[in-house]
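Novice: The structure is given below, and queries will be raised subsequently.
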Amino acid sequence: MNVAGEIAVVTGGASGIGRGTALALARAGADIVLADIHAERLATTSEDIRRLGRRVLAVQCDVSNDEDVARLADDVEAELGPVGLLMNNAGVVLRGALEEISLADWQWCFGINVFGVIRCIRAFLPGMIARRHGWIVNTGSVAGLVALTGEGAPYVASKFAVVGLSEALALYCRPFGIGVSLLCPGGVRTNLAETGRSIGMTPEREVAETRMAQTVQGGEELDPARVGSLVVSAVQNETFLVLPEPEIHGELVRRRAADLNLFLAERFAEVAREQP
């Protein structure tokens with residue numbers, strides 16, 4: 001798909017991966033719709049896109065809210081026109097002692113990470129199907145391919161859901177001429193920690209959980225701009241799975257797939273070593 005001239009909607013688009021991708025899409029010639037809850041960052045990123053010579057529409061939108069997403073779709077159609085590219089990127093992190101995490105916290109995490117994707121698909125896919133044209137990018141995670149930690153189960157489960165949804169969506173959309181990409185990064189410099197929730201964890205346990213996650217996923221924190229450029233390339237080259245660090249995470253996924261029992265046994269030993 002040639003993104004030049006397309007209208008691209010990016011949720012969570014005011015910072016982190018969303019901002020990096022929105023700017024990369026604008027440089028490639030797309031007009032941008034930024035959907036985010038953070039008004040100040042929306043204004044800053046919008047101005048950066050305008051300086052690139054592209055049209056931009058900034059919409060305060062909470063993807064966990066049905067009315068917000070419906071309004072987003074209406075505003076885009078009225079202001080800019082039909083959407084050719086949708087990036088479902090908004091997300092949050094929830095981790096903690098699983099016996100203490102409330103159902104409300106689980107619903108908060110899934111309401112954004114999973115049902116936020118579903119709401120936007122419902123809002124924008126019908127128009128793409130009618131036009132037999134479009135591309136959808138879903139932001140998953142390495143945590144959607146491998147369970148990084150036990151305490152990260154809510155985030156892991158939500159991202160595994162995004163991975164499965166994206167694979168099925170790709171199969172569903174292909175007959176309509178619509179493509180799908182799944183972005184699964186490891187560590188990226190984002191603002192996820194600002195809204196993240198940690199339940200029932202001592203400071204020592206938080207440090208151990210973070211260290212274990214970083215050890216499993218490996219690599220260094222990537223610049224969101226680099227991730228954004230990889231997303232644009234994936235759309236242009238019609239690539240489904242986008243692994244920003246394929247040498248590290250491709251091998252991790254292959255080890256898990258080759259023998260899950262052995263892989264998990266090795267992880268049990270890691271858990272024992274990391275106990276505070």
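Just so it is clear, none of the values below were taken in a lab; they were calculated from the coordinates. Keep in mind that what you see is a predicted model, and the values were worked out from it rather than measured. Here the Cβ is made from the backbone with ideal geometry for all residues, glycine too, and neighbour counts use every protein chain on show.
Novice: Decide, for the stretch 192-276, between rounded, prolate and oblate: order the square roots of the alpha carbon gyration tensor eigenvalues as a ≥ b ≥ c, take rounded if a/c falls under 1.5, and otherwise choose prolate if a/b is larger than b/c, else oblate.
Specialist: oblate
Novice: Among Gly186, Gly196, Val162, whose Cα sits farthest toward the positive end of the charge dipole of the stretch 111-264 (+1 at Cβ of Lys/Arg, -1 at Cβ of Asp/Glu, about the Cα centre)?
Specialist: Val162
Novice: For the pair Glu77/Arg197, report the inter-label distance in nm, with labels modelled 7 Å from Cα in the Cβ direction.
Specialist: Placing both labels 7 Å along Cα→Cβ, they lie 3.3 nm apart.
Novice: What's the local net charge at Leu23, with K and R +1, D and E -1, over the other residues with C-beta under 12 Å away?
Specialist: Values: positive: Arg19, Arg27, Arg50, Arg51, Arg54, Arg226; negative: Glu47, Asp48, Asp223.
So the surrounding residues net to +3.
Novice: Here is a follow-up. Let me know the charge dipole size of the stretch 7-274 about its Cα centre in debye, to the nearest 20, where only the beta-carbon of Lys, Arg (+1) and Asp, Glu (-1) is charged.
Specialist: So the dipole magnitude of the stretch 7-274 works out to roughly 780 debye.
Novice: Would you mind putting 10-16, 160-166, 52-58 in packing order, based on average other-beta-carbon counts within 10 Å, highest first?
Specialist: Details: 10-16: 27.7, 160-166: 19.6, 52-58: 16.9.
Ranking, from highest mean packing down: 10-16, 160-166, 52-58.
Novice: Also: Run the Debye formula on the Cα coordinates of the chain, all scatterers equal and no solvent, and tell me log10 I(q)/I(0) at q = 0.10, 0.15, 0.16 1/Å.
Specialist: Per q value, in the given order, log10 I(q)/I(0) is -0.50, -1.10, -1.23.
Novice: Turning to a different aspect of this structure: Would you pull out the residues with amide H under 5 Å of Val93's amide H, same chain only if 5 or more places away, H placed 1.01 Å from N?
Specialist: Gly196, Arg197
Novice: How many nm is it between the label spots at Asn65 and Arg226, if each spot is 7 Å from the Cα in line with the beta carbon?
Specialist: Simple spin-label model gives 3.6 nm for this pair.
Novice: Would you please give the FRET efficiency between Arg131 and Arg27, computed as 1/(1 + (r/R0)^6) with r the Cβ-Cβ distance and R0 = 30 Å, to the nearest 0.05?
Specialist: Calculated value: 0.75.
Novice: Output the relative contact order of the chain, whole-number percent, from Cα pairs under 8 angstrom with separation of 6+ residues. Don't jump to the answer; show the numbers that get you there.
Specialist: Numbers: 516 pairs, mean separation 58.6, N = 276.
In percent, rounded to a whole number, it is 21.
Novice: If each DSSP helix of 4+ residues adds -39,500 (n - 2.57) and the sum is divided by the residues in the chain, what number results at 222 nm, nearest 500 deg cm²/dmol?
Specialist: So the calculated ellipticity at 222 nm is -17000 deg cm²/dmol.
Novice: Using a 10 Å cut-off on Cβ atoms, rank the peptides 119-129, 264-274, 40-50 from the highest mean neighbour count down.
Specialist: Packing order, densest peptide first, comes out as 119-129, 40-50, 264-274.
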